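S.K.: One structure, pasted below without further comment.
The values are calculated or read from the model by the stated rules, or taken from the named source; none is laboratory data. If you're wondering where the values come from, they're calculated on a predicted model, not measured in any experiment. Glycine gets a Cβ as well: all are built from the backbone with ideal geometry, and neighbour counts include every protein chain shown. Just so you know, the surface numbers come from the protein's heavy atoms only, side chains and all, with ligands and any DNA or RNA stripped out. Shrake-Rupley method; radii C 1.70, N 1.55, O 1.52, S 1.80 Å.
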Amino acid sequence: MCAVFETADAQYECSPEDISILGFTFRIPPEWRTAIFTCRQVVIHFYYPSRMQAVILPASAYTVTVEAEEPYFSRLRLETGRNEYTQAARLLISDISTYTEMKTDLEMPELSEKRLGYPAVKEQCFSSSVSAQQSSWLSSVHPDTGWSQECYSSALCLTEPGQILSYLTHSGPTFPEPYASFSHPIMQHVDTVYFGSMSCPFLIPAADVLLDACAKAADENLHPVLALPPVMSLDFERIQHLLDQILPRLPKHQELSVNDWGLIRYIHAHYPSAVIELGPLLNRSTRDVRMPYLHREPPQEPSFHADAWKRHLSDLGITRASSQCQEQTIPPLSLPFSLFLPFFQMNTSLQCTLRCALETGSRGGQPSSRLQCSRPCTSYAFLYPDFLHMTGRQNALYGYDRKALSDFDYVRANMGNTCDRIVLNLFR
Amino acid sequence: MKGGTDLKITAGLGRVEDYPAFIHAGADEVFCGYVPDRWYEHFNMSSPLNRREVRYAHVQIGSRNELKILHSMTEDFGAPAVLTMNALFYLPNQYPIIADIIQQCVQDGFQDFIIADPGLLFYLQDAGVQIRVHLSGEACVMNPQALAIFDSPMLRRIIFHRHLTIPEIECCIRSSMHEGLEYEAFILNERCHFHGGLCSTVHCDDLAPMCQIPYRCENIASGEPIELTVSEQDPAVFGSTGCGLCAIHDLMTCGITHLKVVGRGNYTDCMLRDIQMIRHAVTVAESSPSASAYLESVRSLRDSCSHNCYYAI
C-alpha cells in the first residue's frame, strides 16, 4: 500500500508503518510537515495479489494527527471514516494476515499450492530415470503438418566433445545420438550445425577437432557455427588461444554464437569479419517452467529494442541474436535471430553444480579445481520433479517446452519475420 | 563501532529503522532497494525494479518518505546508502522511467546505484545522467575483457560475482585500466548454487526459489542414483547460507575494497550479528601479518561456522 498526498503542485509518496480499517500511521521527513497538512487530497493505492485499487480521499474526508516526533521524522496518523477506504483496507489486512499465517504454518510448496494452485505433492514424484524422462517427452511429440510443409532452416547443437568426435567418425551427413534416432520433420531441414557448449568452457573440444568438424560440415554443405560459453578470467586465455588457433584457418565470415561479453569484444577486435551471434544466455528474460501458475503476461517487447541496446550491439559487431521457445509466445527480435528449442535455459552455474555434487556430495560444495574438469556431465545429470518438465544437464538447468516440437504455429509466432533459423538442442 | 579501517563493509538494508544499528554494529555503507509507487502502478509486481518481487516482507525502502528519512540519517552517520536497480533486464519503455526515478533519487541526495542490466547502463550513459555506478556481479562480467565493455566515466565500483574465485578476482583487478575504482566481493549469506546473472527464474512471495526445488542426481546410462547431502540451513548458525570469513585476508591483499554482507529482508538480529562478526574479522585481518596468521587468529570463529564456503582457501 502507498499513500500519495497531493498539493496543487507536488506529490508526497508515503508508505505506511501500520494499517487498520480506520487509518494508518506513517513517517515523514521534517521538511514535508507543512505540505502534508495542507494537501487537497490523498490517493491511496492498495496492492493485492493480482490487482491494484486506488481510493481517493479529499482533505475533508480524513484527519492527520502527529503521533510522535523522532530525531529524523515525525510519525503521523491518518484516520478516515470513508467506507471505501475501510473495505479496501480490510481486504488488504486480510490478505497480509492470511499470507503471514501460511508462511508461518506451511512449507513453501504447500503455500504455493494454497495461493496459486501449484501441485505441491507432485514435487515428490520423479520419473524413473533421466533417459526415461527424455524418452517420454520426445515420444509425446506429434509434429503437425506445418513442420513438414512450411519453409524454414534448422540447425543441430553438438555440445559435447564426444558427440563431435562421433560426428567426425561417421562418413556422410549422419548425426550422433540423440539426433540419429530422432524422427521429426525438422531433421529434413537441417543445414547448420552448432559445435561447442553454450554454458561450459570445459566442453569446448580441442582446436583440431573443431577445425575438422567445421571442414566436414562444409564438405557436407552444412553451415558450421562455433558455440562459446561464459568464461571466467583465468580460463579466458585458454579460450582466446583456441580462437587464435582456429579462426585464422576458417572462412573470414565464420559464425560464432557467443555467450560472454569479453569474448565478443575479443572476437570483434581481432576478427572483425566474423559473424557474431549474441548467444541465448546473454538475451536475458524471465524463463521459468512455473510461470503458468503465476498467470503473468509475457513482455510486450524485447529489451534489445531499446535504442541504447541497438547502438551498443552494433558497436560490438553483433549482427544477429538468439531467442528460446519457453512455453509462452514472446515478441520476436527485430534483428535476425536463431530460435532455440525445445529446451530453454533457466539457470546456469559457473561452479558446476554437477561437479560439486559428485565431488563433495553437495550441489553447493566447492569444486576441487576451477581450471580442470573430467566432464562428469557426459555421464551424470540432475533429475527434477516430473510435472515441472525440467532437467539439470551439464552446468545448467533447462525447461522443456512441450509445444515447441509439435505446434508449428506456436513456433512461427515466436519466429516473427526475422528468425531465420530454428535450433534443435536435444540432450543425450 | 567502525574501526576506521580501509576494508569497508556494505550491508543489505530492508528497513530504514535498522540503519543506525547497522552502522553502530560496524557497517560502513548500506545498500537497499527502493521501488516508488509509480513503478508498481505501471508495472505491478511482475516486472521487478530490483530482483525482489516481494510484497509481504521488508526488503525495500517503501517509498519516498522513507528514502528521504534514510538520507537524513546517512548525512548524520556519514555512512552512505547505495540504491539497487539491479534487475537483469528491463523493457525498452522502462528505461526512461528508471532514469526519472534515478534523477529523483539524485535530487534526494543519493549518488550511488547498483546496476546489473547493461542496457540500463548504456541508456543512462547516453542520457548523460550523472551518477556513480556500482556494476553488479550479475551484469555477467566475468573477465577483464568484459569489464572493458562496461567501462564508463560513471563507473565507481565493480562488484564481483559470488562464483569468482580469489585468483579470478585478482586477475580482474590487476587488469583494470580504470584508475580509482573500488572493488567489492561477497562475504556473507545467500551463496546460491547458480549464477545470479544467468538465473532467469522468478523470485516471488508465492513460489520457492528455483534452487530449492527437490532434485536427484543419477548416472544417465544406468539410472543409478548418487547419494547427495542436502544441507539444512539453520539461520541461527553464522554464515549458514554462505560465508567467506576465512578469505578476508586474501581478499584484502588482492585489492578488494568492500565486503558485501547480503541481507535485504533478513532478521535484524541476524544482520547485526553478521556485521559485528565480519567487522571483528576485518579488524583481525588488518592487523595480521599474513593470511596464515589471520586464519590462526580467527580459528575459534571458524570452528563454529557453517562450512558453507564462498571461497576455497
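S.K.: Using Cα centres only, tell me the gap between the stretch A:371-404 and the stretch A:155-202 in whole Å.
M.R.: Cα centroid of the stretch A:371-404 versus Cα centroid of the stretch A:155-202: 18 Å apart.
S.K.: Given a 1.4 Å probe, show me the residues in the stretch A:215-233 buried by at least 40 Å² of accessible surface when comparing the whole protein assembly to the chain alone.
M.R.: A:Met232, A:Ser233
S.K.: Per residue, what accessible area does the stretch A:180-274 have, given a 1.4 Å probe and all protein chains present, in Å²?
M.R.: Using a 1.4 Å probe on heavy atoms only, each residue of the stretch A:180-274 averages 37 Å².
S.K.: Kindly state, to the nearest 0.05, the FRET efficiency for A:Glu301 paired with A:Ser94, given R0 = 45 Å and r defined as their beta-carbon distance.
M.R.: 0.80
S.K.: If you find the alpha carbon centre of the stretch B:76-92 and of the stretch B:217-259, how far apart are they in angstrom?
M.R.: Between the Cα centres of the stretch B:76-92 and the stretch B:217-259 lies a distance of 26 Å.
S.K.: So which of A:Lys310/B:Lys68; B:Lys8/B:Lys68; A:Lys403/B:Lys260 end up more than 31 Å apart by C-alpha?
M.R.: Beyond 31 Å between Cα atoms: A:Lys310/B:Lys68; A:Lys403/B:Lys260.
S.K.: Using per-residue counts of other Cβ atoms within 10 Å, averaged over each peptide, order B:56-67, B:131-142 from highest down.
M.R.: Final packing ranking: B:131-142, B:56-67.
S.K.: Divide by every residue of chain A the summed helix terms, -39500 (n - 2.57) for each DSSP H run of at least 4, and state the resulting mean residue ellipticity at 222 nm, rounded to the nearest 500 deg cm²/dmol.
M.R.: Helices in chain A give a 222 nm mean residue ellipticity of -8500 deg cm²/dmol.
S.K.: Another question, if that's okay. Work out which residues of the stretch B:43-67 lose at minimum 50 square angstrom of accessible surface when the other protein chains are put back, relative to the chain isolated, with a 1.4 angstrom probe, and list them by number.
M.R.: Flagged in the stretch B:43-67: B:Arg55, B:Tyr56, B:Asn65.
S.K.: Please compute, for peptide B:144-153, the average count of beta-carbon atoms on other protein chains lying within 10 Å of each residue's beta-carbon.
M.R.: Taking the mean over all residues of the peptide, I get 5.
S.K.: To continue, here is another question. Note the buried accessible area between A and B here, summed over both chains, with a 1.4 Å probe, in Å² to the nearest 100.
M.R.: 8300 Å²
S.K.: Amide H to amide H under 5 Å from A:Asp420: which residues, 5+ apart in sequence or cross-chain, H placed 1.01 Å off N in plane?
M.R.: A:Phe337
S.K.: Please report, as a whole percent, how much of the solvent-accessible surface of chain B comes from carbon and sulfur atoms (probe radius 1.4 Å). Can you show the working numbers first?
M.R.: Values: 5590 of 11230 Å².
C and S fraction of accessible area: 50 percent.
S.K.: Give me the percent of accessible area attributable to carbon and sulfur for the stretch A:1-43, probe 1.4 angstrom.
M.R.: Carbon plus sulfur share of accessible area: 49 percent.
S.K.: Which distance in Å, rounded to a whole number, links the C-alpha centroids of the stretch A:348-366 and the stretch A:40-115?
M.R.: Their Cα centres are 44 Å away from one another.
S.K.: Starting from the Cα of A:Asp420, step 7 Å along the direction of its Cβ; do the same at B:Ala57; then give the gap between the two resulting points in nm.
M.R.: Here the modelled spin labels are 4.7 nm apart.
S.K.: Springs between alpha-carbon pairs under 10 angstrom, Gaussian network model over chain A: which of A:Gly364, A:Gly23, A:Gly416 fluctuates most?
M.R.: Between A:Gly364, A:Gly23, A:Gly416, it is A:Gly23 that shows the largest mean-square fluctuation.
S.K.: Determine ³J(HN,Hα), in whole Hz, for all residues of the stretch A:384-396 in sequence, where each value follows from phi through the Karplus function 6.51 cos²θ - 1.76 cosθ + 1.60 and θ = phi - 60°; x replaces Gly and Pro.
M.R.: Working through the residues one at a time gives 10, x, 4, 5, 7, 6, 9, 9, x, 10, 6, 9, 9 Hz.
S.K.: Protein chains only, probe 1.4 Å: how do B:Thr268, A:Thr391, B:Thr283, A:Thr38 rank by accessible area, largest first? The partial results should precede the final answer.
M.R.: Values: B:Thr268 35, A:Thr391 5, B:Thr283 65, A:Thr38 90 Å².
The ranking, largest first, comes out as A:Thr38, B:Thr283, B:Thr268, A:Thr391.
S.K.: Same structure again: To make sure I understand the rule: partners must be aspartates and glutamates, Cα under 19 Å from the Cα of A:Lys114, and not fewer than 8 residues away in the same chain. Which ones qualify?
M.R.: Filter leaves A:Asp95, A:Glu101, A:Asp105, A:Glu123, B:Glu53, B:Asp205, B:Asp206.
S.K.: If you don't mind, another one. What does the helix-only formula give at 222 nm for chain B: each DSSP H stretch with n ≥ 4 adding -39500 (n - 2.57), the total divided by the residues, and the result rounded to the nearest 500 deg cm²/dmol?
M.R.: -9500 deg cm²/dmol
S.K.: With every protein chain present, what is the per residue accessible area of chain B (1.4 Å probe, Å²)?
M.R.: 36 Å²
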